[in-house]
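The values are calculated or read from the model by the stated rules, or taken from the named source; none is laboratory data. The structure displayed is predicted, hence computed values, not measured ones. Reconstructed Cβ throughout: ideal geometry from the backbone, glycine too, with neighbour counts over all protein chains shown.
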Amino acid sequence: MVRLYAVLCVFGAALPLWFFFSFVADEGLYVGAFVDQMTDSDISLFAWADVVVAALVVIAFAIYDRCRGWGLAVVATLAVGPSLGLPLLLLLRERERMFDAVRAGS
C-alpha cells in the first residue's frame with residue numbers, strides 16, 4: 001500500500017499544481033481573476049465547497065490520529081489540497097504501522 005499511496009501523492013500534487021501553474025501562466029498572480037473564475041458558476045462553487053469540506057476532514061483526521069509526520073499532511077492539505085494531504089496521511093500511517101510491526105517482532 002505504501003507504493004500506491006506514494007503514487008497517489010504524486011498525482012495528487014501534480015494535477016492540481018498543473019492547473020494552478022497554467023492559470024498563473026495565463027493570468028499571472030492576479031487574485032481578482034482567481035476569485036472571479038473560482039466563483040464564476042454554481043458548479044465551480046460546488047467543486048470548491050467539496051474541496052474545502054474534504055480538506056477540513058483530512059486536517060481533523062490528521063490532528064485526531066497524530067501519526068508520525070501528521071503535521072506534514074496538514075501542511076500539504078493547506079498548500080496543495082486534500083488530493084495530496086489524504087494520500088500523504090495514509091502513507092504516513094501505513095509506514096508507522098509497518099515500523100511498529102517490525103519493532104514488535106524484534
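When the residues of the stretch 59-91 are filtered to those that are of a type in the set (G, A, S) and within 17 Å of W18 (Cα to Cα), the one that is surrounded by the fewest Cβ atoms within 10 Å (Cβ to Cβ) is A79. Hey, any hits in the stretch 41-64 for a residue that's in contact (Cβ under 8 Å) with a residue 40 or more places away in the chain and within 13 Å of the chain's Cα centre (by Cα)? The answer is no; no qualifying residue exists.
When the stretch 38-52 is limited to residues that are surrounded by 11 or more Cβ atoms within 10 Å (Cβ to Cβ) and of a type outside the set (S, T, Y), the one that is modelled with the lowest pLDDT turns out to be M38. Could you list all residues from the stretch 5-47 that are touching a helix residue (DSSP H, G or I) at 6+ places or on another chain (Cβ under 6 Å) and among the aromatic types (F, W, Y)? Residue satisfying the conditions is Y5 alone.
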